[in-house]
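Input: a single structure, listed below in structure tokens.
Laboratory data are not the source of any read-out in this text; all were calculated from the coordinates shown. Model, not experiment: these values are computed from the prediction. Because the Cβ atoms are built from the backbone with ideal geometry, glycine has one as well, and the counts that use them run over all protein chains shown.
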Amino acid sequence: MLKLLDLFSGIGGFSLGMEATKRIKTIGFVEKDKFCQKVLQKNFPDIPIFNDSKELTYEDIKERTGVDGIDILTCSYPCQ
């Protein structure tokens, strides 16, 4: 299974489509908008949400997800 990190996730559209293939698993989201975080938590309850892309490190990802390696990185346009 390929591992996906979703940046500037919004409400998770990229992850929803990717996971529908049954070949890709989202390991984390990066989203700072509080409303979007609530939607992500409801629809993807077991996937961690990171708040700040500028301070995110690979070590943070490994610590919170238990995953060592990312295969796919998706990125939407960040909000202003």
Selection within segment 22-80 - of a type in the set (S, T, N, Q) and over 13 Å from the mean Cα position of the chain (by Cα): Thr57, Gln80
Any hit, segment 9-26, residues being touching a residue at least 60 places away in the same chain (Cβ under 8 Å) and in a loop (DSSP other than H, G, I, E, B): yes
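Can you find, within segment 22-75, the residue that is surrounded by the most Cβ atoms within 10 Å (Cβ to Cβ) among those that are among the polar types (S, T, N, Q) and under 11 Å from Ile11 (Cα atoms)?
This residue is Gln37.
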